[in-house]
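The structure under discussion appears below in the form of structure tokens.
We did not get these values from a lab; they are worked out from the coordinates using the rules stated. All values derive from a computational prediction rather than experimental measurement. Neighbour counts are summed over all protein chains in view; Cβ atoms, including those assigned to glycine, are modelled from backbone coordinates with ideal geometry.
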Amino acid sequence: MKSIIVCLAIITLSLTFAVHTYAEIDFETARGIWLLDEGKGDDIEDISGNDNHGELQGGEWVKGPDGPALSLNGVNDRVIIPDSKSLYLEDAWSITSWVYVNKSENGYGHILGKRPAAGTIANYAFRTSSSGAGWEAYFANNGWKGAWNQGNVKKDVWLYMTATYDAKDTIKIYENGVEIASVGGMGKPGPQNDTDVNIGGWTNNTSETLDGILYEVALFDSVLAEDDINELMEKGLVTLMPVEPSGKLATTWASIKSRQ
């Protein structure tokens, strides 16, 4: 009997540790999840349940970390996602993506953002710096606010990049789940704008487009913790999304199952 009790205690303890080490990501806070794994065509699906689907302009489907991924030429390739209420973030935000920056990338290579091609307007954005050597996450509210030229952009290698903003003060940037920048003094979020959200670069702009490859781009209206970021990097968005559909995610469950 004593040995049985000991075994049960060990099992219970193991399950407890398993629960505590598993990321508790609230996918109801996802405003857009674009896997960029279609492999063909120009229709880019949002599986977050918000129907923020996009249209690919240019681009090429290539081999990614786990299946197809989207290659952009650094000039006029981009995904255009029409403005919607769910894409305006009036509080915190997180942007995540697998990114392969080509050696030829020469600056302002955007991953994702909500801003026009001109003007001091942005609700959120994540890109390489003007020289392509560092990372930048930013927005606009009475001027540009951001973490500028942070870290070192490693090229010709896959990186899991994340930017977070806490809606109060701080923008953080993570490379492969490790914090590489934390910059305060940001203040309040950027005001609402009616511009499209773009992956890769802005509409009618040929100077701020990523020269590289993107895969599994996601936008959350919350701050992802470092443990959550590492879980997403190691297991992937589809694997971590709820096993049973609930709320808005139910509308895309068939699409998620088809990818597993």
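Quick notes
- Sorted by Cβ neighbour density within 10 Å, fewest at the top, the residues Lys114, Lys85, Lys235: Lys85, Lys235, Lys114
- Charge tally around Tyr160: other residues with Cβ under 10 Å, Lys/Arg +1 each, Asp/Glu -1 each, net -3.
- For Met186, net neighbour charge (Lys/Arg +1, Asp/Glu -1) across residues whose Cβ lies under 10 Å away: +1
- Calculated SAXS-style log₁₀ I(q)/I(0) at q = 0.18, 0.20 Å⁻¹ - region 172-240, Debye, Cα scatterers: -1.06, -1.20
- Sorted ascending by nearby beta carbons within 10 Å, beginning with the fewest, Val62, Val238 become Val62, Val238.
- All-pairs Cα distance distribution in region 27-259, expressed in whole percent, bin size 5 Å: 1, 7, 16, 21, 22, 18, 10, 4, 1
- Convex hull volume per residue in cubic angstrom - Cα atoms of region 53-148: 126 Å³
- Centroid-to-centroid separation of region 29-97 and region 185-234 [C-alpha atoms, Å]: 10 Å
- Our estimate of slack between Lys188 and Glu28, defined as 0.36 nm per intervening residue step minus the Cα-Cα distance, is 55.3 nm.
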